[in-house]
Amino acid sequence: MILGISMSHDASAALTDSQGRVLGAIGEERLSRRKNHRGIPTESIAALLESVTSAQEVTRLVIGSHEFLPAEDAYRFLADLDNQASNPRGTTKRTRPGWRPPTNAATPMAGVEDAIRTVMSRKLPNASSIPIIWLNHHLSHLGSALGVNSTDPTLLISLDGEGDGESGAVAVSDGAQMRVVGRIPAADSLGLLYSAVTARYNFQPTRHEGKITGLAAFGSNSAAVDILREHVEVREGIPHIRYPKSFRARLGRLALRHLGLNRNVVLSLDDIADRAERGTANYADLAYAIQHVLEESVCEMVEYWVGKTGLSDIALAGGVFSNVRLNQRLADLPFTRRVTVFPNMGDGGLALGGIWSVLKSEGQLDSGPLYANMFLAPETDHFDEV
């Protein structure tokens with residue numbers, strides 16, 4: 001068996017057999033009762049290992065949310081485990097005053113591995129020897145898209161806010177292989193631009209984007225659409241957001257701003273959202289603008305890659321594809337034959353996606369259905385706990 005975990009927001013754990021068929025999966029927030037729980041999913045790991053009788057057969061662990069974990073994030077995850085008032089579980093706030101990292105860990109990432117093995121050791125006597133694979137965030141998203149269709153030639157697209165320095169990736173799944181054909185830097189993130197508009201409405205990014213999607217239906221075309229279009233373009237299937245990314249360009253624009261020579265100086269995604277807001281007259285128009293530009297940009301992306309690869313079956317994953325209106329637009333495109341979205345398309349799906357991506361690369365992923373339904377958590381008689 002293979003254990004997979006995600007430590008991103010919406011932390012989760014999953015357990016499959018050696019060919020990727022799901023034995024169980026659960027989001028940490030279901031057990032911790034903290035929405036969008038972020039950090040090491042200790043309760044999920046324990047619940048899954050308790051739910052099977054042969055947990056000792058776990059042969060490896062796949063961490064699907066991170067290929068590399070910066071020291072600051074690693075220390076926040078470790079401090080989070082103490083459940084101290086200054087570090088409530090699942091929040092990954094800064095380490096509390098006086099907290100120090102474990103002295104026996106060779107590196108911050110090794111310290112996180114040790115913490116995970118400690119949880120596993122309650123059920124697995126061989127926890128200390130189980131190999132751990134750290135997998136690229138977007139390879140895991142692409143892997144979760146495989147869960148819908150792991151065999152037919154399919155175009156896979158991942159889009160989210162950011163993970164491992166990227167905001168998306170494009171791949172082709174054909175037979176036993178998954179080949180990445182495009183990568184999108186975090187600096188050109190359509191997801192983060194959408195979140196910037198979410199924040200401009202004083203809603204909480206990564207949590208309230210759905211409010212913007214709903215609000216967009218009440219808006220109308222305005223100058224905000226044109227302003228956003230000035231900053232967003234798709235070239236050869238990859239979105240690009242126009243704002244200064246180099247230090248020299250940012251310094252020059254910052255000087256203009258301080259001198260008051262240009263009111264529309266843009267230095268960040270938040271500045272783009274602010275500038276677009278100044279082109280609106282009604283409350284809902286900014287939401288309409290970002291939704292419209294997102295749909296047009298992703299549709300342009302899909303059109304390019306369908307033409308480039310010749311594949312009209314598309315499988316999607318990543319938080320951007322929790323946008324149901326966008327998914328409807330993609331399904332209605334004349335050049336797409338079948339559009340599917342992995343049900344847990346956000347970072348909660350990385351636990352399974354990481355496993356499936358690894359098995360796909362090894363040619364070991366089962367060619368049949370990988371799951372029968374999405375009721376994958378351990379059974380409970382207490383319905384208020386589900």
Flagged in the range 29-52 as of a type in the set (Val, Ile, Thr) and open to solvent by 10 Å² or more (accessible area, probe 1.4 Å), in numbering order, are THR42, VAL52
Considering only residues that are over 18 Å from GLY310 (Cα atoms), open to solvent by less than 40 Å² (accessible area, probe 1.4 Å) and of a type outside the set (A, V, I, L, M, F, W, C), which ones fall in the range 131-149? ASN136, HIS137, HIS138, SER140, HIS141, GLY143, SER144, GLY147
Evaluate the following for VAL302: is it under 23 Å from the mean Cα position of the chain (by Cα), closer than 19 Å to ARG242 by Cβ and touching a residue at least 40 places away in the same chain (Cβ under 8 Å)? no
If I ask for residues that are under 11 Å from the mean Cα position of the chain (by Cα) and charged (D, E, K, R), which ones from the range 140-168 would you list? ASP160, GLU162, ASP164, GLU166
When you scan the range 329-374, how many residues do you find that are in contact with an Asp or Glu (Cβ under 9 Å, 6 or more places away or on another chain) and free of Cβ contacts under 8 Å to residues at least 24 places away in the same chain? 0
With a cut-off of at least 3 residues that are in contact (Cβ under 8 Å) with a residue 60 or more places away in the chain and under 28 Å from LEU139 (Cβ atoms), name the helices (runs of 4 or more DSSP H) lying wholly within the range 152-235. 190-200, 209-216
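Among the residues of the range 360-377, is any assigned to a helix (DSSP H, G or I) and open to solvent by less than 30 Å² (accessible area, probe 1.4 Å)?
Start the filter on the range 360-377 by keeping residues that are assigned to a helix (DSSP H, G or I), which leaves 360-362.
When the remaining residues are screened for being open to solvent by less than 30 Å² (accessible area, probe 1.4 Å), the result is 360.
Yes, because at least one residue in the range 360-377 is assigned to a helix (DSSP H, G or I) and open to solvent by less than 30 Å² (accessible area, probe 1.4 Å).
Here is a yes/no grid of residues against (1) hydrophobic (A, V, I, L, M, F, W, C); (2) open to solvent by 50 Å² or more (accessible area, probe 1.4 Å):
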residue: ASN87; (1), (2): no, no
residue: THR92; (1), (2): no, no
residue: ILE116; (1), (2): yes, no
residue: ASN126; (1), (2): no, yes
residue: SER129; (1), (2): no, yes
Only unsatisfied item for ARG183, checking (1) farther than 18 Å from SER297 by Cα; (2) open to solvent by 60 Å² or more (accessible area, probe 1.4 Å); (3) not β-branched (Val, Ile, Thr), is (1)
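The values are calculated or read from the model by the stated rules, or taken from the named source; none is laboratory data. What you see is a predicted model, and the numbers here were worked out from it, not measured in a lab. Using ideal geometry, Cβ is built from the backbone for each residue, glycine included, and neighbour counts are taken over all protein chains shown. Note: areas computed on protein heavy atoms with side chains; ligands, DNA, RNA excluded. Shrake-Rupley method; radii C 1.70, N 1.55, O 1.52, S 1.80 Å.
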